[in-house]
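**Student:** One structure is given below, represented as structure tokens, and several questions about it will come after.
The values are calculated or read from the model by the stated rules, or taken from the named source; none is laboratory data. None of these values were measured; they are calculated from a predicted model. All Cβ positions, even for glycine, are placed from backbone atoms using ideal geometry, and neighbour counts span all protein chains on display. For accessibility, only protein heavy atoms count, side chains too; no ligands or nucleic acids. Shrake-Rupley method; radii C 1.70, N 1.55, O 1.52, S 1.80 Å.
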Amino acid sequence: MQTMNSPSPQSPLTSLGDGRLVASAALNNEEPIAAVLERVLNPGHHVLELASGTGQHIAAFAKRFPEVTWTPSDRDDVRLTSIEAWRRHASQPGLQSALRLDVSATWDVAPASRDVVLAINLIHLIPMNAVVHLFAECRRVLRFGGCILLYAPMRDGTEFFSEGNVDFDATLSRANPDLGLRDIGTLVDIAARLGFDGHERIQMPANNHMLKLRLPSPTTPHDIARL
Ligand SMILES: C[S@@+](CC[C@H](N)C(=O)[O-])C[C@H]1O[C@@H](n2cnc3c(N)ncnc32)[C@H](O)[C@@H]1O
């Protein structure tokens, strides 16, 4: 095993020597995130993961939920190579090749083609205008009844849930004032303006949160006329 510098300063990566990289944070949160997925996913669902990183999460989830189709993505070449290595290693028919996808640009993903868009530890690392764009793209690619699942350290207004989160927020905003832990209420409001509702906020280990935002099915002729 060899430790290498990650292109993103916050996550040192370990190489397994066959192209696969490992991030220790991803080992720690895999199980609690899988427990949420267990409640959300149904056979036949199609999940798009944004910012898949090493690919270890999606490879594990594809093994655990083999009746679901999984599309990983990232914008970074080092990560895309690792995702491909994890995909080969997992050898799961439901795990597709990774898309090169920058969440702040237009996504090469068909409209209304996914049931879940999953983003683990991303939204505090992209500017707020990219978060808004991400929600708009989710609105476009999700089927009605689908949802966005955002896992990250978040805040509730000015409440940060831990000293570590306060420090992390300060480090991020020193590097770029547009980055930092996101306020759950603000995320819910932005999503609501795009038609998402029925949000669920789940407390996760190590002072993280999972925010689920649902795209409801149109129920009235008025709703349908607005599509
Ligand atoms: C902290 S890592 C999280 C990776 C993975 N989700 C995990 O939890 O292990 C952040 C990831 O976001 C990706 N990323 C950052 N900005 C991005 C963007 N604008 N579009 C797509 N991916 C991005 C990085 O390449 C990196 O893989």
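**Student:** Given 0.36 nm per residue, what is the gain on full extension from S162 to E67 after removing their alpha carbon distance, in nm?
**Tutor:** Details: separation 95, 0.36 × 95 = 34.20 nm, distance 3.74 nm.
Going from the current span to full extension adds 30.5 nm.
**Student:** While we're on this one: Which value in deg cm²/dmol, rounded to the nearest 500, describes the helix-derived mean residue ellipticity at 222 nm for the chain, given -39,500 (n - 2.57) per DSSP H run of n ≥ 4 and division by the residue count? Walk me through the intermediate numbers first.
**Tutor:** On the way: 7 runs with 82 residues, N = 227.
Calculated at 222 nm, the ellipticity per residue is -11000 deg cm²/dmol.
**Student:** For S24 and D189 in one chain, what is 0.36 nm times their gap in residues minus the Cα-Cα distance, to one decimal in nm?
**Tutor:** On the way: separation 165, 0.36 × 165 = 59.40 nm, distance 3.26 nm.
Here the answer is 56.1 nm.
**Student:** With r defined as the distance between the Cβ atoms of T106 and A206 and R0 fixed at 35 Å, what FRET efficiency is calculated, to the nearest 0.05?
**Tutor:** On the way: r = 34 Å, r/R0 = 0.97.
So, using R0 = 35 Å, E works out to roughly 0.55.
**Student:** When DSSP assigns beta bridges and you keep just the ones with both residues in the stretch 20-225, what percent turn out antiparallel, to the nearest 5?
**Tutor:** Working: 13 of 31 bridges.
Approximately 40 percent, going by the DSSP bridge assignments.
**Student:** On a 1.4 Å probe surface of the protein chains, which of S173, S91 comes out largest in accessible area, and what is the full order? Each step should come with its number before you reach the end.
**Tutor:** Details: S173 40, S91 90 Å².
Ranked from most to least accessible, the order is S91, S173.
**Student:** Give me the one-decimal Kirkwood hydrodynamic radius in Å for the chain, with the sum taken over alpha-carbon pairs. Intermediate results must be reported in sequence, preceding the final value.
**Tutor:** Details: mean 1/r = 0.0555 Å⁻¹.
Here the Kirkwood hydrodynamic radius works out to 18.0 Å.
**Student:** A further question follows. Give, in nm to one decimal, the length gained when the segment between S173 and T14 is fully stretched (0.36 nm per residue of separation minus the Cα-Cα distance).
**Tutor:** Stretched fully, the S173-T14 segment lengthens by 54.6 nm.
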